[in-house]
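Below is one structure, written out as structure tokens; comments come after it.
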Amino acid sequence: MGTIAVYPGSFDPITNGHLDVIRRATKMFDRVYVAVARNAEKTPLFSVAERVALAKQSMRGWPRVVVDDFEGLLVRYARRVGARVVIRGLRAVSDFEFEFQMALMNRRLDPAIETIFLMPKDEYTFLSSRVVKEVAGLGGDVSSFVPRIVESALCQKLGVRRKGGV
Ligand code: ADP
């Protein structure tokens, strides 16, 4: 059996920063589960089904990627799918404290599971789903931050017209 990794997150919605991390992960692991969290305490813009669908459409044809959703403890989900590795993205020092805390907690919960951090291409280090939603909601052009399908979904959901692309 090959090495399996889980990349968990809210993905509300998936951005080019997430996709960059996933592409890097697929070069290192035989299978990467992109796992959309059901139990994020924040109020999401997109439903779990919508977030899963947008992720699937954004990675159509990508080898080694499985899009899924999960509820409850991440380490339990990782065990269930046979993953020994959790992938997280690190953009800036500001991500570090929270990510460090989560990684150590997950290690305490299941010492067999390692967390690995991947850094995106520098042009994505300022990208977050929250900022993309804010910019799109204010009518800004997000076409270079998210795939076309996500841009359309954002504009539809937020009731604004598409700005970028052709
Ligand atoms: P969370 O709900 O924990 O913020 P997200 O769904 O936003 O999670 O993202 C999941 C993971 O992807 C996190 O590890 C986050 O740091 C990382 N991430 C988010 N945006 C980017 C980006 N632009 N570049 C690299 N990693 C990112």
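Table for the structure above
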quantity	calculated
Residues (of a type outside the set (D, E, K, R), in contact with a strand residue (DSSP E or B) (Cβ under 9 Å, 6 or more places away or on another chain) and more than 14 Å from the ligand (Cβ to nearest atom)) located in the stretch 63-98	V65, V66, V75, Y77, A78, V81, G82, A83
Filter result (within 14 Å of the chain's Cα centre (by Cα) and acidic (D, E)) within the stretch 1-57	D12, D20, E50
Residues satisfying the stated conditions in the stretch 17-47, i.e. touching a residue at least 40 places away in the same chain (Cβ under 8 Å) and β-branched (V, I, T)	V21, I22, V32
Members of the stretch 48-66 found to be without any contact (Cβ under 8 Å) to a residue 60 or more places away in the chain, under 17 Å from R24 (Cβ atoms) and assigned to a helix (DSSP H, G or I), listed by number	A55
Matching residues in the stretch 135-166 - criterion: being within 11 Å of the ligand (Cβ to nearest atom) and either open to solvent by 40 Å² or more (accessible area, probe 1.4 Å) or of a type outside the set (A, V, I, L, M, F, W, C) (or both)	F145
Any hit, the stretch 10-32, residues being at pLDDT below 95, assigned to a helix (DSSP H, G or I), out of contact with any Pro (no Cβ under 6 Å at 6 or more places or on another chain) and within 15 Å of L118 (Cβ to Cβ)	no
Residue within the stretch 123-134 that is away from the ligand (no atom under 12 Å from the Cβ) and out of contact with any Ser or Thr (no Cβ under 6 Å at 6 or more places or on another chain) present	yes
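The values are calculated or read from the model by the stated rules, or taken from the named source; none is laboratory data. Here the structure is a predicted model, which means the values were calculated and not measured. Counting neighbours? That spans all protein chains shown, and the Cβs are built from the backbone with ideal geometry, glycine included. Each accessible area value is taken on the protein alone, full model and side chains, heavy atoms only, with ligands, DNA and RNA left out. Shrake-Rupley method; radii C 1.70, N 1.55, O 1.52, S 1.80 Å.
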